[in-house]
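**Q** Just dropping this structure here.
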Amino acid sequence: MDLKYTPEEERFRNEVREWLQANLPAERPEVSESENMDEWMAFLRNWQRKLSDAGWAGIAWPKEYGGRGAGVNEQLIFTEEMARAKAPNLMNVSIGIELVGPALMHHGAEAQRRRYLPKILSAEEVWCQGFSEPGAGSDLASLQTRAVIDGDRFIVTGQKVWTSWAEYSDHCILLVRTDASAPRHKGISCLLVDMRSPGITVRPTRQITGETEFSEVFFDGVAVPRENLVGEINGGWGVAMTVLMHERGTSAIGYQIRLRSELDELMELAKRIEKNGRPASADPLIQQKLAQSFIEVEILKYNIYRSATQIARNGSPGPESSIIKLFWSEMDRRQKEVAMELMGLRSQLVRGSKGAVDHGRWQRAFLWSRAGTIYAGSSEIQRNIIAERVLGLPRG
Amino acid sequence: MIGFSLSSEQVSLKKLAHEFAEREIAPVASEYDRTAEFPWPIFNLAHDLGLVNLSVPEEFGGPGVSVLDECIINEELSWGCAGIAGALGMNSVAALPLMIAGTEEQKRKYLNRLTIDREVASYAVTEPGAGSDVASIKTTARRVGNDYILNGTKNFISNGSYATYFVVFAMVEKEKQHDGISAFIVERESEGVSVGRKEDKMGQRASDCAQIIFEDVRVPKQNRLGSEGSAFRIAMKVFDRSRPVVATTAVGVARRAMEHAIDYARQRKTFGRELGQHQAIGFKLADMAMQVTAARWMSWHAAWLTDNGQRNTREAACAKAFAADACMQITCEAVQIFGGYGYMKDYPVEKLVRDAKGIQIYEGTSEIQRLIIARDLLTSP
Ligand SMILES: Cc1cc2nc3c(=O)[nH]c(=O)nc-3n(C[C@H](O)[C@H](O)[C@H](O)COP(=O)(O)OP(=O)(O)OC[C@H]3O[C@@H](n4cnc5c(N)ncnc54)[C@H](O)[C@@H]3O)c2cc1C
Ligand SMILES: Cc1cc2nc3c(=O)[nH]c(=O)nc-3n(C[C@H](O)[C@H](O)[C@H](O)COP(=O)(O)OP(=O)(O)OC[C@H]3O[C@@H](n4cnc5c(N)ncnc54)[C@H](O)[C@@H]3O)c2cc1C
């Protein structure tokens, strides 16, 4: 066991830090993402072009697809440094970079990789993930959107739901049923679909936060070229598993670092908020809760180190990624509850209210933290996976 | 002494309130949540049925129900919508200081305005810099001849934009701390009173919260409630009556979330079974039922004590904190059980999470209730 970075890795860290210092965007849009998505996206695209030109967009991706060809540790260091510099995040990172990238690298044809991967890193193309359906969330294998082969194309009909970013996406990584008579897991295929194809309707849906980050997506006889099949026909379940494993494992690097930064901001907030004539940060109960949150951030960090080591050795995070997914999503909820408690009465004021603390960002974070235990496999499903696949217990 | 059945009058009150909530409140709850308007049509209908001004005695034109009855009614109305129930229930709270400390004349004049003229009143304690710690209020009342001159700002005052008078807490003698605070009836129309912008809230959006600003407002001495410096004691008596009721706001919201969760757990299937048949989900429902039931009994007990002239400070605090915390937990679990649907505005449970949060804050936060309980345990175990 050695939890220190190597000298080369430390050199890499310095290089990142210096580059960020020199290149961080001077100005950011005043509006939030939820207020003016177009302005935000234009801003992020510019920023990401800079990053990808300098080779920072896909640290652990192979060079031929626009990446840097480095390892998971460098990815970790880079993400840490981005957070330290308070740099804007990469665009569409949680879907394009973290899900579609690994899916195509593991299962895609060479032509597909060359066509799609570089444009994910340069932020020229945005992706969404069309897995869940009205009747198939946790039980993904019961999905019913159908694709039938018609010459050199598939014809897709059905409905997806809760598709994040669908409204802004160029492409969708879509799961469809291609054989209705096969056992459930063996009749599913994975297609890459151009979101501008005729027959696609995107209907944005309002969320608990008031935003429309996700949508319902309807497919009505949508033609998809046969060459857009990922891997084998009826081999989509394997692709889905790769995607889910990365969604639960690798992407946690970003979450851990976000939770750490948010804890710093919470401590900052506790110093600013007055309680009984002294800063809330001096209140023993609040101190206990902030200390607890720090402990949890650290636990998460070491679990991620363990998972990074596993990825470096085996190329895949394994079912243990469920532990990380469960842990970050549940600690996120606890941390945001502390934020609400800290603010007392003002926790009720949303963005736009005169007295709203930090423009209402903590209420949004509190409400948003309710999503983390649902998407990418709910807490209950993660516990089932841990019981069955990590502990080897029989199916419940 | 122990009896676990409601009287036949209570059964019909409950039925009346439930049917009202089901017919008049529930169908429009999400609309009012969106627009954050004051529910006037519902307020007027509730008046017709005697579901407003619950604490006001019959001699002043009110229904004059017991605290326990108010708990029963409020659970049902809150089941319909906590925001609308809050808008309907505020008069009952604002009237309490009058009943506790008002003179005959004050009561006749101001309570009749609520019951006969159907006006709205507010209870104004909280300030930008003082919530839990009432003794730190900065609104001052300066004696000048036979009048007081009020200066200060109150915020988060429920129904504040619509109130025609306020019961205002102000500091007369700062050095006396708690014993330096007095309560006043202040007319909305008095010179120097202004109502600031109403707040955009996360939950309970149908019940308006506004900032009220007092600038050199002249209040005649006969508008003081009780003796000078008695307001803190008045407030404590108000809490003994209002906390059991607020606890049932939490019970109503939690029960609504539980009912939705049960329905959904019977309809939706994953992995070939109804959700409720997965033990992980079935047990969540069981926990909800335990908490809702316990919270209801705790509130009823606290109400019963005060109705029977017994001290209920500890029990009311226990009920309020337990119910509010349980409500937060239950509504969050309901979202979890609804999965992705739970997160969508088109489904009913996300609103319940937003509504629940405020209950842990007003009428004394959950932390303050624990402070009260602990203090009580340590001084009179
Ligand atoms: C903000 C947000 C963004 C999302 N973005 C996307 C996206 O971009 N693309 C996409 O495809 N999907 C997306 N989703 C959908 C998400 O993946 C699903 O909501 C999730 O898989 C759960 O499925 P469900 O909602 O159908 O719930 P269900 O599967 O119906 O589950 C309902 C409840 O039952 C529990 N449950 C189910 N089965 C069991 C069991 N066997 N044992 C114990 N408990 C069980 C669940 O944990 C949950 O609490 C998003 C969801 C949210 C909230
Ligand atoms: C929907 C709504 C309606 C309201 N309506 C009214 C109304 O009509 N009239 C009115 O006067 N007020 C009203 N309020 C205000 C409410 O009563 C106050 O918000 C409440 O008393 C808490 O005060 P505060 O917000 O100033 O929090 P603070 O007192 O600043 O407390 C902040 C946080 O610190 C905690 N805390 C404070 N002191 C301690 C301590 N000693 N130990 C441990 N923890 C502590 C609190 O629990 C809270 O979590 C309303 C509030 C809401 C949300």
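The values are calculated or read from the model by the stated rules, or taken from the named source; none is laboratory data. This one's a predicted model, so the numbers in the text were calculated from it and none came from an experiment. Here the Cβ is made from the backbone with ideal geometry for all residues, glycine too, and neighbour counts use every protein chain on show. What goes into the accessible areas is simple: the full protein's heavy atoms, side chains included, and nothing from ligands, DNA or RNA. Shrake-Rupley method; radii C 1.70, N 1.55, O 1.52, S 1.80 Å.
**Q** How far is it, in nm, from the label point at B:MET236 to the one at A:ARG196 when both lie 7 Å from their Cα along the line to the Cβ?
**A** Reported label-point gap for B:MET236 and A:ARG196 is 7.2 nm.
**Q** Right, here's the next one. Springs between alpha-carbon pairs under 10 angstrom, Gaussian network model over chain B: which of B:SER12, B:SER66, B:SER182 fluctuates most?
**A** B:SER12
**Q** Across the residues of B:358-370, average count of Cβ atoms on other protein chains within 10 Å?
**A** Partner-chain Cβ atoms within 10 Å, mean over residues of B:358-370: 2.
**Q** What translational D, rounded to a whole number of µm²/s, comes out for the stretch B:148-223 from Stokes-Einstein when the hydrodynamic radius is the Kirkwood one over Cα pairs, at 4 °C and 1.567 mPa s? Kindly include the intermediate steps, with their values, before the conclusion.
**A** On the way: Rh = 13.1 Å.
After rounding, the answer is 99 µm²/s.
**Q** Of the residues A:ARG203, A:ARG278, A:ARG49, which exhibits the maximal mean-square fluctuation in a Gaussian network model of chain A defined by a 10 Å Cα contact cut-off?
**A** Evaluated over chain A, the most mobile residue of the options is A:ARG278.
**Q** How large is ³J(HN,Hα), in whole Hz, for each residue of the stretch A:191-203 in order, when computed from phi with the Karplus curve 6.51 cos²θ - 1.76 cosθ + 1.60 and θ = phi - 60°, using x for Gly and Pro?
**A** Computed from phi, the couplings for the stretch A:191-203 are 10, 9, 10, 6, 5, 8, 5, x, x, 9, 10, 10, 10 Hz.
**Q** On a 0 to 90 degree scale, rounded to 10, what angle separates helix B:104-115 from the longest Cα axis of chain B?
**A** Taking Cα atoms only, the helix is inclined about 40 degrees.
**Q** Which far-off residues, 5 or more places away or on another chain, put their amide H under 5 Å from the one on A:ASN92, with H placed in the peptide plane?
**A** The list, which skips near neighbours in sequence, is empty: none.
**Q** Mind checking which of A:ILE149, A:MET82, A:ALA371 is farthest towards the positive end of chain A's charge dipole, using Cβ charges of +1 (Lys, Arg) and -1 (Asp, Glu) about the Cα centre?
**A** A:ALA371
**Q** While we're looking at this one, here's another question. If you split all Cα-Cα distances of chain B into 10 Å bins from zero, what percentages do you get per bin, shortest first?
**A** 5, 24, 33, 24, 10, 3, 1, 0
**Q** Tally up the carbon and sulfur contribution to the accessible surface of the protein assembly as shown as a whole percent, 1.4 Å probe, everything protein left in place. Intermediate results must be reported in sequence, preceding the final value.
**A** Values: 16810 of 32940 Å².
Within the protein assembly as shown, the accessible surface is 51 percent carbon and sulfur.
**Q** In peptide A:207-215, what is the residue-averaged number of other protein chain Cβ atoms found within 10 Å of each Cβ? Write out the running numbers ahead of the final one.
**A** Details: counts 6, 12, 5, 4, 1, 1, 1, 3, 0.
Taking the mean over all residues of the peptide, I get 4.
**Q** Still on this structure: Given B:LYS198/B:LYS345; B:LYS109/B:LYS320; A:LYS63/A:LYS301; B:LYS138/B:LYS221, which pairs have Cα atoms separated by over 25 Å?
**A** Over 25 Å apart, Cα to Cα: B:LYS109/B:LYS320; A:LYS63/A:LYS301.
**Q** Out of residues 5 or more away from B:VAL193 or on other chains, whose amide H comes under 5 Å of its own, with H placed 1.01 Å from N in the peptide plane?
**A** B:GLU215
**Q** A further question follows. By how many degrees, 0 to 90 and rounded to 10, does the Cα axis of helix B:313-338 deviate from the longest principal axis of chain B?
**A** 40
**Q** Using the alpha-carbon atoms, what tilt in degrees (0 to 90, nearest 10) does helix B:366-379 show relative to the longest principal axis of chain B?
**A** That helix lies at roughly 70 degrees to the long axis.
**Q** Let me ask you something else. What shape does the stretch A:127-234 take by its C-alpha gyration tensor, where a ≥ b ≥ c are the square roots of the eigenvalues and a/c under 1.5 counts as rounded, a/b above b/c as prolate, and the rest as oblate?
**A** Oblate, since a/c reaches 1.5 and b/c is not below a/b.
**Q** Next up: Near the amide H of A:ALA109, under 5 Å away, which other amide H atoms are found, from residues 5 or more places off or on another chain, if H is placed in the peptide plane?
**A** Under 5 Å from the amide H of A:ALA109: A:GLY231.
**Q** Could you work out [θ]222 nm for chain A from helices alone, using -39500 (n - 2.57) per DSSP H run of at least four and dividing by all its residues? Round to the nearest 500 deg cm²/dmol.
**A** Working: 11 runs with 173 residues, N = 396.
Estimated from H runs of four or more residues: -14500 deg cm²/dmol.
**Q** Turning to a different aspect of this structure: Is the shape of the protein assembly as shown best called rounded, prolate or oblate, per the rule: a/c under 1.5 gives rounded, else a/b larger than b/c gives prolate, else oblate, with a ≥ b ≥ c the square roots of the Cα gyration tensor eigenvalues?
**A** Values: a/c = 2.30, a/b = 1.81, b/c = 1.26.
Taking the square roots of the gyration eigenvalues as a ≥ b ≥ c, the protein assembly as shown is prolate.
**Q** Okay, helix-only estimate at 222 nm for chain B: each DSSP H run of n ≥ 4 adds -39500 (n - 2.57), divide by all residues, round to 500 deg cm²/dmol; what do you get?
**A** Only helices count here, giving -17000 deg cm²/dmol.
**Q** Continuing with this model, one more query. Taking a probe of 1.4 Å, how large is the accessible area per residue of the protein assembly as shown, in Å²?
**A** Heavy-atom SASA per residue in the protein assembly as shown reads 42 Å².
**Q** Add +1 for every Lys or Arg and -1 for every Asp or Glu among the other residues with Cβ under 9 Å from the Cβ of A:GLU247, and state the total.
**A** +1
**Q** OK, next. If you build a Gaussian network model of chain B, linking Cα atoms that sit under 10 Å apart, which residue out of B:ALA265, B:ALA280, B:ALA302 swings the most?
**A** B:ALA280
**Q** Can you figure out the FRET efficiency of B:ALA280 with B:ASN151, using R₀ = 60 Å and their beta-carbon distance, to the nearest 0.05?
**A** For R0 = 60 Å, the calculated efficiency reads 0.60.
**Q** Each residue of the stretch A:370-380 in turn: what ³J(HN,Hα) in whole Hz from Karplus with 6.51, -1.76, 1.60 and θ = phi - 60°, glycine and Pro shown as x?
**A** Each residue's phi maps through the Karplus curve to give 6, 7, x, 7, 10, 6, 6, x, 5, 4, 4 Hz.
**Q** Report, as an integer, the average count of C-beta atoms from other chains found within 10 Å of each Cβ along A:327-335.
**A** Values: counts 0, 0, 0, 0, 0, 0, 1, 0, 0.
Averaged over the peptide's residues, the number is 0.
**Q** Between A:ALA85 and A:ARG278, what is the label-point separation in nm under the 7 Å Cα-to-beta-carbon projection?
**A** So the label points at A:ARG278 and A:ALA85 sit 4.0 nm apart.
**Q** Based on the alpha-carbon gyration tensor of the stretch A:249-390 and its eigenvalue square roots a ≥ b ≥ c, which shape applies: rounded if a/c is under 1.5, prolate if not and a/b is larger than b/c, or oblate?
**A** prolate
**Q** Counting only protein heavy atoms and rolling a 1.4 Å probe, how much accessible area do B and A lose on contact, total for both sides, in Å² to 100?
**A** 3400
**Q** With all protein chains present and a 1.4 Å probe, how do A:VAL297, B:VAL65 order by accessible area, largest first?
**A** The ranking, largest first, comes out as B:VAL65, A:VAL297.
**Q** Per-residue HN-Hα couplings for the stretch A:129-142, Karplus 6.51 cos²θ - 1.76 cosθ + 1.60 at θ = phi - 60°, whole Hz, x for Gly and Pro?
**A** Rounded to whole hertz, the list is 10, x, 9, 5, 10, x, x, 9, x, 4, 8, 4, 5, 8.
**Q** Per 0.36 nm of contour for each residue apart, how much would the distance between A:GLU8 and A:GLN21 grow if the chain were fully extended, relative to their Cα-Cα spacing?
**A** 2.7 nm
**Q** Among DSSP bridges having both ends in the protein assembly as shown, what percentage is antiparallel? Round to the nearest 5.
**A** Among the beta bridges of the protein assembly as shown, antiparallel pairing accounts for roughly 85 percent.
**Q** Looking at the stretch B:155-204, which residues lose a minimum of 30 Å² of accessible area between their chain alone and all protein chains in place, measuring with a 1.4 Å probe and not counting ligands or nucleic acids?
**A** Those residues are B:PHE156, B:ARG197, B:GLU199, B:ASP200, B:MET202.
**Q** Let me ask something else. Peptides B:136-143, B:304-311, B:80-87: what's the order by average Cβ count within 10 Å, highest mean first?
**A** Result, highest mean first: B:80-87, B:136-143, B:304-311.
**Q** Oh, and also: Report the residues of the stretch A:357-396 in range of a label on A:ASN314: point 7 Å along Cα→C-beta, backbone N strictly under 19 Å from it.
**A** A:382-394
**Q** Using 7 Å Cα-to-Cβ label points, what is the A:GLU298/B:LYS15 separation (nm, one decimal)?
**A** Calculated label separation equals 6.2 nm.
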